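All remarks here apply to the structure that follows.
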Amino acid sequence: MHSSLKKQLAEEANSALRQVQSNIEAEVKSAPVFIQEASSIASKLRGALVGAKNALLRAFISSDKVEDLVLHILAIVVANGGGKTLPIQAAAAACNSKVLKALEELGIDAEFEEGAVISLEMVFGTARCSEYVKEISSQEGAHYVSSKLQNPALDSALDNARHPLPSIIPLKHLADVQANAYRTDNGYRAMLGSKYNDREQEAPVEVLNYLGGIAYSLEEVSHSPRPAPRNKYIDAGGTPSQEVLDSIAYTNAIRTQGSSQACGDLFDMGNKFYFAHSFDFRLRVYSKGYQVSLQGTEWDKSVLEFSNKELLTEEGLQWLRIATANAFGHDKECMAYRVLWVISNADALESLTSEADEPLIYAKCVRALRNAEQGIPIGIPIHMDATASGFQVNGCFTACEETLLVSNVLSNTDHVRVDLYAGILNEMVKADPSLVTLPRKMVKEGTIPAMYASEAEPKRVFGEELVGTFWQAMSKYAGAYWYLKYLPQLWNPNMTEYSFTMPDGYRVYSPVTGTMGEDVFVEMLGDTVHIAQSVQGCKEKSKCFLANITHSFDAYILRNIVRKCKAEGIDIMVIHDSFGTHPNHMAKVVRWYKEELAALVVLNPLQDILEEIFGVRVEIPVFSNLTREELANEILEGEYSLN
């Protein structure tokens, strides 16, 4: 490209960027700069890079174009003043404007000072794709194309830019699912999902607004670094190569470094922040977060607390003791035992930390107990989880006593918590005594996907010889078994989508999708690459609707509990079927959860939903000697539906 034309295009692009900068400046002056800005902008530029790399595979553009695109963005930012806040915002806005098209055509002979380039790359989390690496998957023989960065620090910045950090100023209220809760345009969507979810949809955004308005803090203690997550492949007995092990270690180190840096930034900026939330197509709620997350690991739960602290009440003390015992490993004991265990070990709780199942959460609970003893307000969220929520919901649909007993919705005569997976194992042993040594862990691994209608996973876990015995054991829970085995017969192979209405009036919409792919030759690799994409269309058989119905109802229960928390001003942290709140309010949350299950039994919504999807009226059997109303009363007396 002729140098004069390059200069002309660059000046035009710079002019457009300056106009964007001017438009942003007024809004920024009216509000403080907040922490997610740099991360969200980095995410945008990373998106431009990833998009260009995908285009490389589909349009076969040269690798130089990918490198140039990043350099052009850096060039425009340098021309607008380097790493200052407003030019960075302007560059982010440019990524979504027509200016980006001009950037792709620019052939600027970039002559930057090395320090300026590196600093901008660090801010943006972008860098030149220095090499393309072809990797072979040992399982499928598929080819993958990935980029490696020359500088590990840049790789770390790129990883940390993938998700927005919490906002240190209150989020904007959403008017609908198309709105953005952040003050900057960072690609946030209130409705997650694929292109098929890009549509106007009524959604209960008041739930997202309430959750997004709850303020969090980092507990002001010295936190241990984020530990490396467990690797499922290794846990299952896999033996990865040293190269893979090195890659896992490298990735974990980057994540640990990013979390430590994020915590430091949050402390420096006042230690009060907010998490945005989104819905998926089933209206399940997901929080935003990566370096620090509400839906993360034990470490994430251990560092976070509610910014709003309260003095512990006597009732709250009992629930905090229960949470402490749970974290130690006594979560399958009766509630009274858990309370008494903490009381009897009151003087030695700290010394038992290394023996706890969840040592980070256990230590956090003990610190909260000690602070409460001194009359110091605490903000610890304690978590109670549904015991097998899939069984709980399906048991309510079919009014099945056995299913509700084994999932702890109903109390048993001994008033103890039932272990679903041990119960299924016991039934398998009755059929075949030689299975007495079968690990409970294996039974759990096969049961969880089976609860959502998978047959392939139980077969993989148990093998051809034992999978029949497993399903025989599952048949004891007649309501759940009927749901999983009978309802797939309703599937209509001509459907390309389906939808149904939830009891609160909101609709769940699901396209029927599959994967279509093709093999293409990529010249720069000298090899063929398989490119796959999701497409909407018919399926001869599908069971996905069963899991979607079940998940839609655990989401419905969650929404109703959040609404009740909003009415009483109670802070609540949610992870699908797990509820975290201040110990003072856990008794209410547990009661509300039981009320929701009881109402679900009486409502009997499954019949209407199936008719809405398939156009046929299915008589829903009742697997109980009690009426639905009588069963609902028993549910209200249950002790361990949340545990």
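Before moving on, here are some points about what is shown:
- Among the protein heavy atoms, those of His173 account for about 140 Å² of accessible surface (1.4 Å probe, every chain in place).
- On a per residue basis, the stretch 568-626 carries 37 Å² of accessible surface, using protein heavy atoms and a 1.4 Å probe.
- Cβ crowding within 10 Å averaged over residues, with 296-309, 376-389, 627-640, 430-443 ranked highest first: 376-389, 296-309, 627-640, 430-443
- Cα gyration tensor category, rounded, prolate or oblate, for the stretch 336-491 with a/c compared to 1.5: prolate
- Anisotropy class of the stretch 266-419 from Cα gyration tensor, a/c 1.5 cut: oblate
- Exposure of Tyr486 as accessible area (Å², to 10), given a probe of 1.4 Å and all protein chains: 90
- Residues Ile424, Ile361, sorted by accessible area with the largest first, give Ile361, Ile424 [1.4 Å probe; ligands and nucleic acids excluded].
- At R0 = 22 Å, FRET efficiency that the Cβ-Cβ distance of Lys566 and Lys272 yields, to 0.05: 0.65
- Efficiency of FRET from Cβ geometry, Thr413 and Asp357, R₀ 25 Å, rounded to 0.05: 0.35
- Pairs from the list Lys444/Lys564; Lys430/Lys459; Lys485/Lys564; Lys172/Lys564; Lys272/Lys594 with a Cα-Cα gap above 25 Å: Lys444/Lys564; Lys485/Lys564; Lys272/Lys594.
- One chain, two ends: Glu611 and Arg440. Fully extended at 0.36 nm per residue, the span grows by 57.7 nm beyond their Cα-Cα distance.
- When a 1.4 Å probe is rolled over the protein heavy atoms, the share of accessible surface on the stretch 567-643 that falls to carbon and sulfur comes to 46 percent.
- Modelled this way, with points 7 Å down the Cα-to-C-beta line, the labels at Asn604 and Arg460 are 3.8 nm from one another.
- For Ser475 and Glu350, the difference between the fully extended length at 0.36 nm per residue and the C-alpha to C-alpha distance is 40.5 nm.
- For Arg255, solvent-accessible area (1.4 Å; no DNA, RNA or ligand), Å²: 70
- Three-way shape label, the stretch 526-639, alpha-carbon gyration tensor, a/c 1.5: oblate
- Of the solvent-accessible surface of the stretch 293-406, computed with a 1.4 Å probe and all protein chains present, 51% belongs to carbon and sulfur.
- Average accessible area per residue (Å²) across the stretch 362-461 - probe 1.4 Å, nucleic acids and ligands excluded: 38
The values are calculated or read from the model by the stated rules, or taken from the named source; none is laboratory data. Please read all numbers here as calculations on a predicted model, not as lab measurements. All Cβ positions, even for glycine, are placed from backbone atoms using ideal geometry, and neighbour counts span all protein chains on display. The protein model used for the area step is the full one, side chains on, heavy atoms only, and it has no ligands, DNA or RNA in it. Shrake-Rupley method; radii C 1.70, N 1.55, O 1.52, S 1.80 Å.
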